[in-house]
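Every number in this text was worked out from the coordinates using simple rules, so none of it is lab data. Keep in mind that what you see is a predicted model, and the values were worked out from it rather than measured. We place every Cβ from the backbone using ideal geometry, glycine too, and count neighbours over all the protein chains shown.
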Amino acid sequence: MVLSIVVASILTGVLTSRIGYYMPFLILGICVTAVGAGLLTTLSINTLAGQWIGYQILYGYGLGSSFQAPNMAAQTVLPRNEVSIGASLMLFAQTLLGAVSVSVGQNVLLNQLAKRLAGIPGISPRLIQGTGATDFLKLIPAEYHTAALEAYNDSLRVCFEVGLIMACVSILGALCMEWRSVKKNIPREKPEGERAAEKPKELSQGEISTA
């Protein structure tokens, strides 16, 4: 998924510099992210590797397509003296909300696991919290392995549903952004003839003495 995010970010940057508008890629990226998140909610314990890998690639491509658009918007819409503040706020919001989302997802997963594994003897919320996904089945008797895997999958599905909701809600913010071209902020390189014409004409010695 990380590779697809990087590829999508590079491709979006190149295409944005070509056409000048970042909004199409932002809206497309959010839609692709929502589709990828929706596909992740369909995962089960019998899902093939090609499916969950493809879903992650699709989800990562959507994230990469829309990740740079807020920074581009801040550099395009804001006055020159406010660009640094706007870009800093965008970076701060992305970093902060990313950290908060990790904590929210962890709490949702643990709460769902505690509720779904309550019927298995010897399993408590504290034990679940202190055990990683790799050693999860070592704590559970063999006859409950299938039920535990299904409970883990259903709990992860709830986390993916939270991501799906956030992806769908983010389209509201994208639709409220201005359609501005980044090319308007790029100064045009003047031809050599125009630059030569703008150079001040040097005064001759007679003109200097007359002045």
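What order do you get for Glu143, Glu150 when you list them from fewest to most C-beta neighbours inside 10 Å? Mind dumping the intermediate values first?
On the way: Glu143 8, Glu150 13.
Arranged by neighbour count, lowest to highest, Glu143, Glu150 become Glu143, Glu150.
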*Ranked by Cβ crowding within 10 angstrom, fewest neighbours first, how are Thr42, Thr16 ordered?*
Thr42, Thr16
*asked:* At a 10 Å Cβ-Cβ cut-off, how would you order Ile53, Ile123, fewest neighbours first?
replied: Ile53, Ile123
*asked:* For segment 2-186, what does the convex hull of the Cα positions come to per residue, in cubic angstrom?
replied: 119 Å³
